[in-house]
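Asker: Please find one structure pasted underneath; my questions will follow.
The values are calculated or read from the model by the stated rules, or taken from the named source; none is laboratory data. All values derive from a computational prediction rather than experimental measurement. Cβ placement follows ideal geometry from the backbone for every residue including glycine, while neighbour counts extend to all protein chains displayed.
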Amino acid sequence: MALGDTDSSGFGSACFWLDRLLFGAFSFLGGARFLRNRIRYTHRMPYSVEGKLVVAISSRALFDFEEENRIFESAGEAPYIEMQFARLDIPAKEGVAFQLVKKLLAFNTADTQRVEVVILSKNDPVSGLRVFRSAERAGLKLERGVFTRGRNPYRYLDSLKANLFLSANENDVMSALEAQCPAARVVPESAQAAGRHAEEVRIAFDGDAVLFSDEAETVYQRDGLDAFTKHESVHALKPLPPGPFKPLLEALHRLQAASGTAVPMRVRTALVTARSAPAHERAVRTLIDWNIAVDEALFLGGLDKGSFLKAFEPDIYFDDQRGHIESAQKHVATGHVPFGVANARRT
């Protein structure tokens with residue numbers, strides 16, 4: 001065998017093995033990349049909302065779509081969808097619950113997600129494009145949404161394990177309450193003074209028929225103030241049954257545990273009630289029995305709630321009585337809870 005033949009054979013052999021080595025290396029890298037992507041994809045699949053504060057919110061509660069809604073009511077669905085699509089790149093204005101959502105999402109960090117906000121809307125999917133795009137432009141990290149095109153979306157609340165449902169549609173809210181989910185009809189025209197406490201979520205609750213059941217309110221509506229006061233004094237040591245918003249207060253209590261440590265945000269809650277002494281004792285003892293504390297308690301005994309809420313400056317206030325809502329909405333964002341004896345005529 002000639003020397004040239006030997007060199008050629010050695011070079012070819014070296015090239016063959018080099019080719020095999022490179023092929024193996026790239027195959028390994030490609031396989032590793034595929035495996036990594038597969039692991040990453042698999043890691044995203046079992047996402048759960050367990051243990052999180054879950055807020056389901058309609059598009060009109062989050063953004064100011066009142067002009068668009070008037071088109072829907074006067075001209076129908078097609079012109080409404082056309083308008084929303086034409087305004088796809090025009091960010092929607094902030095709605096009544098925008099600041100509340102923004103502050104709640106601030107409890108999430110790169111390592112831990114404590115709050116999940118889901119768009120739950122009767123809008124069509126095309127209009128949903130504008131909702132998500134407006135949220136992105138506003139810096140709200142919203143990833144999930146359900147759009148039911150005119151159908152009541154409440155049936156998805158259980159799957160979402162929602163702690164709160166906010167909507168501008170009273171029928172949807174009433175359906176949610178019947179499904180045992182804390183829910184309120186936001187008042188789009190109510191004042192929005194929520195931006196004054198950037199590092200604190202402030203939420204105020206009425207007591208009877210909101211945090212507590214309407215047991216005592218029923219006595220008041222039927223028999224008057226004196227009978228109510230006597231009833232509550234006699235039952236002062238007996239905790240009130242829970243109302244529709246107890247689950248939300250519990251979830252806020254859990255969220256409060258992260259305040260000031262893992263995140264700079266804080267939660268501050270207030271009970272704002274028409275109760276006065278001696279009826280106040282049963283309310284306080286009920287909260288003690290639940291092992292839940294509120295930061296402020298206002299026992300107003302018939303004083304107008306509006307000026308006190310103006311001083312507290314909550315991100316939202318929940319009440320079952322329309323008279324209190326009308327007073328409150330002049331000063332703060334409000335949510336009407338159509339529950340209990342005070343709303344019986346409308347149910």
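Asker: Looking at 343, 291 in this structure, which one is polar (S, T, N, Q), within 20 Å of residue 176 (Cβ to Cβ) and surrounded by fewer than 20 Cβ atoms within 10 Å (Cβ to Cβ)? Walk me through how you get there before you give the answer.
Answerer: Numbers: 291 fails: within 20 Å of residue 176 (Cβ to Cβ).
Matching residue, one of 343, 291: 343.
Asker: Which of the residues spanning the stretch 222-256 are surrounded by fewer than 16 Cβ atoms within 10 Å (Cβ to Cβ) and farther than 20 Å from residue 289 by Cβ?
Answerer: Matches in the stretch 222-256: 222, 223, 224, 225, 226, 227, 230.
Asker: Return the residues of the stretch 47-100 that are in contact with a strand residue (DSSP E or B) (Cβ under 6 Å, 6 or more places away or on another chain) and assigned to a strand (DSSP E or B); say none if nothing qualifies.
Answerer: Of all residues in the stretch 47-100, those in contact with a strand residue (DSSP E or B) (Cβ under 6 Å, 6 or more places away or on another chain) come to 49, 52-59, 61, 64, 92-93, 95-97, 100.
Hits for the stretch 47-100 are 53, 54, 55, 56, 57, 64, 93.
Asker: Scan the stretch 126-175 residue by residue and report those that are over 19 Å from residue 115 (Cβ atoms) and among the aromatic types (Phe, Trp, Tyr).
Answerer: Listed by number, the residues that qualify are 147, 154.
Asker: Report yes if some residue within the stretch 140-148 is more than 15 Å from residue 54 (Cα to Cα), among the β-branched types (Val, Ile, Thr) and in the same structural domain as residue 179 (by TED's automatic domain parsing); otherwise report no.
Answerer: Yes - at least one qualifying residue is present in the stretch 140-148.
Asker: Restricting the search to the stretch 241-290, which residues are polar (S, T, N, Q) and assigned to a helix (DSSP H, G or I)?
Answerer: In the first step, residues of the stretch 241-290 are kept if they are polar (S, T, N, Q); the result is 256, 259, 261, 269, 273, 276, 286.
The answer is 256, 286.
Asker: Can you tell me which residue within the stretch 117-134, out of those that are over 14 Å from the mean Cα position of the chain (by Cα) and in contact (Cβ under 8 Å) with a residue 60 or more places away in the chain, is surrounded by the most Cβ atoms within 10 Å (Cβ to Cβ)?
Answerer: In this case the residue turns out to be 123.
Asker: Here is a follow-up. Condition (residue is over 29 Å from residue 239 (Cβ atoms), of a type in the set (Asp, Glu) and out of contact with any strand residue (DSSP E or B) (no Cβ under 8 Å at 6 or more places or on another chain)) applied to the stretch 150-166: is it met by at least one residue?
Answerer: Scanning the stretch 150-166 turns up no residue that is over 29 Å from residue 239 (Cβ atoms), of a type in the set (Asp, Glu) and out of contact with any strand residue (DSSP E or B) (no Cβ under 8 Å at 6 or more places or on another chain).
Asker: Here's something else I'd like to know. Give the stretch 257-277 a look and list any residue that's of a type in the set (Gly, Ala, Ser) and surrounded by 21 or more Cβ atoms within 10 Å (Cβ to Cβ), or say none.
Answerer: Going through the stretch 257-277, the residues of a type in the set (Gly, Ala, Ser) turn out to be 257-260, 262, 270, 274, 276-277.
The answer is 274, and nothing else.
Asker: Anything in the stretch 218-245 that is in contact with a Pro (Cβ under 8 Å, 6 or more places away or on another chain) and not aliphatic (A, V, I, L, M)? List them, or say none. So that I can check it myself, show each step before the final result.
Answerer: So in the stretch 218-245, the residues in contact with a Pro (Cβ under 8 Å, 6 or more places away or on another chain) come out as 229, 232-233, 236, 244-245.
Correct list: 229, 232, 233, 244, 245.
Asker: Kindly establish whether residue 209 is at pLDDT 95 or above, touching a strand residue (DSSP E or B) at 6+ places or on another chain (Cβ under 7 Å) and closer than 21 Å to residue 316 by Cβ.
Answerer: Details: at pLDDT 95 or above: yes; touching a strand residue (DSSP E or B) at 6+ places or on another chain (Cβ under 7 Å): no; closer than 21 Å to residue 316 by Cβ: yes.
No.
Asker: Further, regarding this structure: So which of 210, 219 is surrounded by 15 or more Cβ atoms within 10 Å (Cβ to Cβ) and touching a helix residue (DSSP H, G or I) at 6+ places or on another chain (Cβ under 7 Å)? Outline the logic, then answer.
Answerer: On the way: 210 fails: touching a helix residue (DSSP H, G or I) at 6+ places or on another chain (Cβ under 7 Å).
That would be 219, the only listed residue that is surrounded by 15 or more Cβ atoms within 10 Å (Cβ to Cβ) and touching a helix residue (DSSP H, G or I) at 6+ places or on another chain (Cβ under 7 Å).
Asker: Does residue 114 qualify as being surrounded by fewer than 22 Cβ atoms within 10 Å (Cβ to Cβ) and on the phi > 0 side of the Ramachandran plot? Talk me through it step by step, then tell me what you get.
Answerer: On the way: surrounded by fewer than 22 Cβ atoms within 10 Å (Cβ to Cβ): yes; on the phi > 0 side of the Ramachandran plot: no.
Criteria not met by residue 114.
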